[in-house]
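The values are calculated or read from the model by the stated rules, or taken from the named source; none is laboratory data. Everything numeric in this text was worked out from a predicted model, so none of it was measured. Cβ placement follows ideal geometry from the backbone for every residue including glycine, while neighbour counts extend to all protein chains displayed.
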Amino acid sequence: MNIAILSRDSTLYSTRRLVTAARERGHEARVIDVLRCYMNITSHKPSIHYKGEDLAGFDAVIPRIGASVTFYGTAVLRQFEMMGVYPLNESVAITRARDKLRSLQLLSRKGIGLPVTGFAHAPDDVEDLIKMVGGAPLVIKLLEGTQGIGVVLAETHKAAESVIEAFMGLRANILAQEYIQEAGGADIRCFVIGEKVVAAMKRQAKDGEFRSNLHRGGTPSLVRITPEERSTAVRAARIIGLNVAGVDILRSNHGPVVMEVNSSPGLEGIERATGKDIAGMVIGFVEKNAATGTTRTKGKG
């Protein structure tokens, strides 16, 4: 198979592992910088050009699109879909996952456990918004934030008011969420491929920090997940429409709650914590499922 890997940096751990895993299994793998692609959008023969070359002949595309280039990256991926190339994750599903509010609404509609979450626009509603999510302490998140950036823990009612009003003053879109204190600054990253959780790790925040992201100094470790947590992760990925996803779960007093469904989960932390060849499993999934014209959305939406 000829596989395109959409990544802005070929030296990143996840990108390198996918290239190595593909080549070890006898496939051609090429890293393509999504921002260097440009497209010919035509009715009968859509095409993608890259540094003066017509990109044709790929059997599958693995998107590793960073949050900062979601709009352009998903447009390029959509063009591959229109050309009949099999996408590991479809453009529509990635767009859903990147929109925190939309993804939470989709999960909520299907009954997935979530932290109590509020969303508002007007500063006049701050008081009721705080009350709606159970009062302080509470977590305030920028909708556009990634890797824990733009996430604030407000420990008092006054602090919550100040932070929300400050964000609203900057016309930033925010979510207010209940703080799951019993999680103890830890979450569980479930790595879903297809209809199966293939690996899971616990991420523990460092002392004095509530965000458990590895980029923030969180430490990964092996964890045994419950059948309910496994089912929640698989269902969450399916609802968003992702074949491969990192589903972040907190253990709350009322069962597992989903914090986020990540469409480009990193491989480094989970491979090192579990010792599993996750990249090889991803390529194996592509081998089994790649076929021309099997994209469900065919670039729509």
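At-a-glance table
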{"item": "Those residues of the range 29-57 which are acidic (D, E) and modelled with pLDDT of 95 or more, in sequence order", "result": "D33"}
{"item": "Checking T15 against (1) modelled with pLDDT of 95 or more; (2) hydroxyl-bearing (S, T, Y); (3) surrounded by fewer than 21 Cβ atoms within 10 Å (Cβ to Cβ), the condition it does not meet", "result": "(3)"}
{"item": "F80 assigned to a helix (DSSP H, G or I) and exposed (fewer than 14 other Cβ atoms within 10 Å of the Cβ)", "result": "no"}
{"item": "Extreme residue, farthest from the chain's Cα centre (by Cα), among residues of the range 98-113 that are crowded, with 18+ Cβ neighbours inside 10 Å and hydrophobic (A, V, I, L, M, F, W, C)", "result": "I112"}
{"item": "Options A154, A97, A172: the member that is more than 30 Å from R64 (Cβ to Cβ) and aliphatic (A, V, I, L, M)", "result": "A154"}
{"item": "Test: L18 is among the hydrophobic types (A, V, I, L, M, F, W, C) and either in contact with a Phe, Trp or Tyr (Cβ under 6 Å, 6 or more places away or on another chain) or under 20 Å from G241 (Cα atoms) (or both)", "result": "no"}
{"item": "Condition broken by G66, with the remaining ones in (1) closer than 27 Å to G280 by Cβ; (2) buried (at least 21 other Cβ atoms within 10 Å of the Cβ); (3) at pLDDT below 95 satisfied", "result": "(2)"}
{"item": "Candidates D9, D54, filtered to the one that is in a strand (DSSP E or B) and without any contact (Cβ under 8 Å) to a residue 40 or more places away in the chain", "result": "D54"}
{"item": "Lone unmet requirement of (1) of a type outside the set (F, W, Y); (2) in contact with an Asp or Glu (Cβ under 7 Å, 6 or more places away or on another chain); (3) part of a strand (DSSP E or B) for G134", "result": "(3)"}
{"item": "Selection status of Q79, under 30 Å from F167 (Cβ atoms) and over 15 Å from the mean Cα position of the chain (by Cα)", "result": "no"}
{"item": "Exclusive hit being of a type in the set (S, T, Y), in a helix (DSSP H, G or I), free of Cβ contacts under 8 Å to residues at least 40 places away in the same chain and more than 21 Å from L175 (Cβ to Cβ), set T42, T74", "result": "T74"}
{"item": "Extreme residue, farthest from V223 (Cα to Cα), among residues of the range 171-209 that are of a type in the set (D, E), more than 20 Å from the chain's Cα centre (by Cα) and surrounded by 15 or more Cβ atoms within 10 Å (Cβ to Cβ)", "result": "E178"}
{"item": "Residue within the range 231-242 that is more than 15 Å from the chain's Cα centre (by Cα), modelled with pLDDT of 95 or more and not acidic (D, E) present", "result": "yes"}
{"item": "Residue list for the range 12-24, filter: assigned to a helix (DSSP H, G or I), touching a residue at least 40 places away in the same chain (Cβ under 8 Å) and not basic (K, R)", "result": "Y13, S14, T15, L18, T20, A21, A22, E24"}
